[in-house]
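Working notes, structure below.
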Amino acid sequence: MHAPVDAFRSDARFSARVALAMFDGDLRVVLRNAEAEALIAQGLLSIDAHGRFAGALGRKLRARLATPQDEAPLVLGVADRREIYFGAVVTPVLPVASGGGGLFALLVRDALAELRDKALAVARRHGLTEREKRMLVLIVEGYDPSRAARDLGVARSTARTHLQRVFDKIGVTRQSALVSFVARSPGGEMASI
């Protein structure tokens, strides 16, 4: 195994929450972690019978390799709303030789899972109860108090009480301020890439 590949495997930034797939200039996948396997099984990452990235992802990767100066994250589409939460970064690992080749890493992270992890870390630091913690996570996921009440199986007034207690313990007065506080907070298991 090449040293750069081993470095990716051992780098703490690439925790269990980041899908990693190493591929060559022909889009042939040469290494993938369990999270990438899960995304393949869900149909988010398409691999053809020859072990190459295929479909819309293959087209996006070919375009990205043709314009290496483009560093904007790729948006990977899926069938539901979660498409806005998946971002992918392509980075060279080994330089491209004059005749082609090279080795690249595709890193896919679930930003919603990262935000959820941060919310759990905030809940621990601020001593939230289990219900308050669940309310915080639901608000961070974009639920309004009425929908959160349904999900928690409680009355709307009870959900509002939970939310008010979260506000009081964290020191904010609005849902938007709460989400912003969580997003800026350190913590969670996944580091930014």
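The values are calculated or read from the model by the stated rules, or taken from the named source; none is laboratory data. Because the structure is predicted, anything quoted here is derived from the model rather than measured. Protein only, heavy atoms only, side chains kept; ligands, DNA and RNA dropped before computing areas. Shrake-Rupley method; radii C 1.70, N 1.55, O 1.52, S 1.80 Å.
Quick look at the values:
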read-out	value
Within straight-line cross-link reach of K118, lysines at Cα separation under 21 Å, skipping those fewer than 8 residues along the same chain	K133, K169
Rg/Rg_globular for region 118-167, with Rg_globular taken as 2.2 N^0.38 Å and Rg from C-alpha atoms	1.00
Of all accessible heavy-atom area on region 112-166, the percent that carbon and sulfur account for (1.4 Å)	44 percent
